[in-house]
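Written below as structure tokens is the structure these notes are about.
The values are calculated or read from the model by the stated rules, or taken from the named source; none is laboratory data. The shown structure was predicted, so the numbers you read here are calculated from the model rather than taken from an experiment. With ideal geometry, Cβ positions are generated from the backbone for all residues, glycine too; neighbour counts draw on all protein chains shown. Just the protein is used for accessible areas: all its heavy atoms, side chains included, with ligands, DNA and RNA removed. Shrake-Rupley method; radii C 1.70, N 1.55, O 1.52, S 1.80 Å.
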Amino acid sequence: MKKILIISLLLLSTWMSAGAVDLNKENRDPKYVESIVNRSQKIVDKLGLTDKQVAEDVRNIIANRYFELNDIYEIRDAKVKKVKESGLTGEAKNEALKAAENEKDAALYRSHFAFPANLSLFLDEKQIEAVKDGMTYGVMKVTYDSHLDMIPTLKEEEKAQIYAWLVEAREFALDAENSNKKHAAFGKYKGRINNYLAKRGYDLKKEREEWYKRVKARGGSL
């Protein structure tokens with residue numbers, strides 16, 4: 001029995017070692033790799049993970065996602081450049097550019113769900129949410145809390161709809177190629193939320209003005 005236990009522990013140790021997540025840094029600029037690793041580490045630090053190997057694996061999963069996104073967009077950019085230098089014009093050029101975008105979107109879609117799946121090997125749902133927030137600058141929570149603070153009379157179904165749209169916005173932001181595009185993803189849904197609330201009878205200009213007054217009275221800032 002003791003012998004079986006020892007063998008089992010050895011097999012488990014081997015599996016855990018083999019299961020370690022490698023950093024996909026080959027053929028990448030060392031300074032770029034360092035920058036991405038540092039960015040990923042800051043996200044991991046906020047998770048409060050006590051197992052150093054788990055923390056490193058999670059950091060590498062996050063960093064590898066950044067690398068993967070960079071690769072997808074670099075391939076798109078190279079194809080766009082090739083089209084523009086090809087001499088194509090008119091509809092043929094537009095179709096070629098559209099094809100490059102479609103291929104990029106297909107690559108993003110294929111890889112999008114693998115990221116949280118990989119994280120789920122090491123993190124629970126709440127921690128995965130924290131990683132997503134970290135990669136999108138916490139815009140989802142800030143935006144949601146701001147709406148609740150601005151319009152205290154929001155009904156529960158309205159809060160639920162705002163939250164659902166912001167979750168959706170965050171998914172698009174996760175795949176965006178840079179910070180501006182990430183913020184733009186949220187901006188699109190903020191517009192949708194504003195239209196929704198206006199149709200529900202809220203005077204957003206008045207609500208915002210009153211909110212500014214309350215924030216100022218609290219000694220805060222927006």
Just need a number here: residues in region 39-54 that are under 16 Å from the mean Cα position of the chain (by Cα) and open to solvent by 90 Å² or more (accessible area, probe 1.4 Å).
3
With respect to E171, is the statement that it is surrounded by fewer than 18 Cβ atoms within 10 Å (Cβ to Cβ) and among the acidic types (D, E) true?
yes
Only one residue in I162, I128 is of a type in the set (V, I, T) and closer than 22 Å to Y212 by Cα. Which one?
I162
Which listed residue is more than 15 Å from the chain's Cα centre (by Cα), open to solvent by 60 Å² or more (accessible area, probe 1.4 Å) and modelled with pLDDT of 95 or more, from D29, D57
D29
From the set of residues in region 191-213 that are open to solvent by 80 Å² or more (accessible area, probe 1.4 Å) and touching a residue at least 24 places away in the same chain (Cβ under 8 Å), which is nearest to L174 (Cα to Cα)?
R192
Out of L119, L108, sole residue that is open to solvent by less than 40 Å² (accessible area, probe 1.4 Å) and either farther than 22 Å from F186 by Cα or touching a strand residue (DSSP E or B) at 6+ places or on another chain (Cβ under 8 Å) (or both):
L119
Among what's in region 122-150 and is within 19 Å of A63 (Cα to Cα) and of a type in the set (S, T, Y), pick the residue that is most open to solvent (accessible area, probe 1.4 Å).
Y137
Which is under 21 Å from A176 (Cβ atoms), in contact with a Gly (Cβ under 7 Å, 6 or more places away or on another chain) and in a helix (DSSP H, G or I), of I43, I128, I62, I72?
I43
Yes or no: A78 hydrophobic (A, V, I, L, M, F, W, C), within 26 Å of K25 (Cα to Cα) and open to solvent by 50 Å² or more (accessible area, probe 1.4 Å)?
yes
Just to be sure, is K159 part of a helix (DSSP H, G or I), open to solvent by less than 60 Å² (accessible area, probe 1.4 Å), of a type in the set (K, R) and without any contact (Cβ under 8 Å) to a residue 24 or more places away in the chain?
yes
